[in-house]
1. Given the C-alpha centroids of the range 224-267 and the range 163-182, what is the distance between them in whole angstrom?
2. Taking the square root of 5 times each eigenvalue of the Cα gyration tensor, what semi-axes in Å does the equivalent ellipsoid of the range 119-252 have, largest first?
3. Where in the range 715-753 does the amide nitrogen come within less than 18 Å of the point 7 Å from the Cα of A660, taken along Cα to Cβ?
4. Put a dot 7 Å past each Cα toward the Cβ at E568 and E737; how far apart are the dots in nm?
5. Under 5 Å between amide H atoms, partner at least 5 residues away or on a different chain: which partners does K469 have, H built in plane at 1.01 Å?
6. Below 23 Å, Cα to Cα, which lysines can K269 reach? Residues fewer than 8 away in the same chain don't count.
7. For K120, which aspartates and glutamates qualify as cross-link partners when the Cα separation must be under 19 Å and same-chain residues fewer than eight apart are set aside?
8. Per residue, how many Å² of accessible area does the range 223-270 show with a 1.4 Å probe?
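The values are calculated or read from the model by the stated rules, or taken from the named source; none is laboratory data. Source: prediction; values computed, not measured. Because the Cβ atoms are built from the backbone with ideal geometry, glycine has one as well, and the counts that use them run over all protein chains shown. Ligands, DNA and RNA are excluded from the accessible area calculation, which covers all protein heavy atoms including side chains. Shrake-Rupley method; radii C 1.70, N 1.55, O 1.52, S 1.80 Å.
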Amino acid sequence: MQSGEKLMRKIPAPTGTILLAIGLTFFVSAIYGQPPRKEVEDGPNVPMVPVPPPQNPEAGNNNPANPVPVQVGTMQEELNKTTNTTARNLFRTLLIPYDTLQSNFAGGATFQTELLPFRKLPEQEFEFGKLDTTLQKSTQFKMNTGSGFDLIPFELMVLKKVDFFLQNTKTGLERPDQLNVALRAVAVAYKNHQRWVTSGKRAGEGWAEVGDQLKAQMLKLQRQTFTAYIAAEKYDQALEIGLQLYTENLNDIDIQKDFFGFQLMRAQKTLKNPSDQELLSLRETLLNYEQLPGKKDSALIATGRRWLNQRAQILVNEALKLDQMNQTAAALNRLRQAETIAPELEAIPAARGKIRGKVLYVGVAELPQKMSPLTAYNQAEQWAVELMFEGLLTNIPTRDSARYQPQLITRLPGAESLRRTVQLHNNVRWGKSEASHLTSADIRETLRVLQSDTFLGRNAATNTHLIDKLERLGDPNQLTLFLQHGLIDPHITMQWKVLPMNYLRSQGMNADDDRFAREPFGSGPYRYINREQEIRKKEAVVFRANTDYGLRTNLFGLPNIHEIRFVEVNESSIAEEVVAGQLHYLPDAPPALAQQVKSSQVLRNHLNVIPITHNRRISMLAINHRRPELQNEKFRQGIMAAIDREKILNDHFRSGDKTAHQALTGPVPLNSWATPKNARQVSLFRPGSEALFTDALPANKSVRLRLAFLARDPNMINICGELKAQIEAAGGQVNNENRIQIDLQPLDATRFREKVHLERDFDLALTHHEYADDWFDLNSLLDANAVGRAERNFLGYLDRSTNPSDADRRFASLLDSRLRFRNFEEFRQRTWDTHQSFNQRVPFVPLWQIDRFALVHHQLEIHLERADDRPDLTVMNPAVGFTNVQWWKLK
């Protein structure tokens, strides 16, 4: 262990967290099912102080302007509190403030004066109050010019007298106490100086430099006092002043090193048999210390790591023994505890592989590749985003109304006209140690990126155009969001996922950087680990619990499930996977797969089939408005009228169940509030639509169109063949040939995305659209400002290059104005107006809505709001798939 002077290169934590440290001892023991281990008899029970995250780097010192770092009274009050004779003499000499005019030539006079307002002496005649030797009485005195004299302000005389006091080795005070007296004297002088500047007793240029000298001396004395307390092993006093130093100097790296290093040293000297809570706090301190730039004490780091690894290894050994006794739940608890204390321990992954029942297997149609919010495309990639990233708040699925829960903020914001003020959690870590803590700068920079011309059209930026600005006002963890205009539901503007922008910028990466997309991390409950080969020769995408997520006070010990693996599954492999224990959850199972489970006794013994009642996905025939023929509204109306949806559903989807699935009559789900009641029975299929094509096309003109579709499902070739036949038949003939000729283009998932959503190289495409919430905002697909590559409006509708008509522009205006209504009745009526207008404009062709199901293993407990709720799983949102996954449990 080093000397006190050398140890003082380490750092922080606000005073309120001391009580938290004590309370966490009992909380941790409750989570892990064990009592807190006591200290040995002769060792002091000194809880580690949990360390707050480094604050927003752009926040600076956010305390009130020019704060006094220590609580002091007047010089007289400080004199009265002091019993030491030398210290009393110091305060006594400082009771009466005065300035000194001192000649700078040989034999010149020196005057003690009342406080002068100016720092720089005038060059013309001026008058001042000259004090007598008692400093009690003054007489007015005139001086022709200030030249030849120097003004020594009282504040700087205080500094000289304090220096003299500190040089005295016979004060009868221990060094820390002597430094503390000096600090208090300078603090009173600084407090007085502030008051004099405010009142005008110190006016003009030059006084700011005097204040800076006082502040610099206070900081120096604080650090010297801190060091002296440590050298004297007075750790409680050192902690108190260290906390002050840190919270008042948030951007001083040396002070942070001093304080964190002190916390590590203090723990290693005083904790003889640390509890797990104390080790958790030690780890938090160690992480903060290691992440600071520059040289650090390697011995302190090594000792701290050894303590954490030793305890984690004991817990791993206990977990393996419990597993041998078939106590899987207890074994997983021990392993979770070990991972929280020392997630880097090499023995943990090996133990995880031996303990049964520790992995949640999720079935997906295709494995995710790019999993950041700005690049996620397929369903599995969007689910991965939900595991790893958080918004300010999240939507909780319910049967009757929109409901929200805070994520990165402490509580839902109250209504304040066009503004919402939110308070961030102050200890949110990114899922990568090098990225450190989430700050308000990350949030504001994420919004700036999402609102930029480059990204505003992406799905990840949906609804951010409704935000005017997001500002930090005062508190570095408090933000105020200003809306562009009133909304029926302002919470829809707070669900975008926050990115680690400070880290990305430091690494020279953009928000949609391919490196980050393939190895992303967020602040959510899970981290992406890698792609692994399963024992059954299948590849899995692995997500593991983010141990830092479970260190938040409101989420301690979560998530409950330690590992989640995405694996590809289909009708031929589902039974084998379920029986092998390698399939627990399919958030969005195809109807055929759900029917297979219902008809199989073996599968029913393992899986529950949950019908999803809140289905916001619609199937559609996408129209590329860049194709000149498709810019004609009559032609689009002809395509919409040509399709017999009921026949296709009966032939290819319903399997004899006439109640399954729904033919659409407009752009939104048939049975939602957004479809007018009088339109629910009005079929879009209109026999005799040849006249529409005749009006749209010149005489003897024929058109050849390509119809792109996903070839993954063998049934799609038959469905698209039926669509082709119906449209061609409705188009009639020209010169003994079909007026409309459709070429089918089966594409794999990668090529479909490239040609339809990126290159826009298609004419028609059989695809779907998923509404984000029950407000069914068509702008999420038809936004005229989102027509670029990879942006939402892949149809090109309303793009100036696709020649929108006046009627199209009126429809766009109707969509925009709809969101401005805050009365639901008015909002609904405007929504119904858009339904009618849509069917006239036909931006795309609505087809049908296919029933959706979730398959949930009997061992999986899904909790949507808290650990003990019994939710109605039929209202789950399969597009999200993992609402509040941190509460889920695998029995």
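1. A separation of 20 Å, based on Cα centres.
2. 36, 18, 11
3. Answer for this model: 715-720.
4. 4.0
5. Here F482 satisfy the definition.
6. K269 reaches K6, K10, K38, K234, K257, K295, K296.
7. Straight-line reach from K120, under 19 Å: D99, D150, E155, E205, E209, D212.
8. Accessible area per residue: 31 Å².
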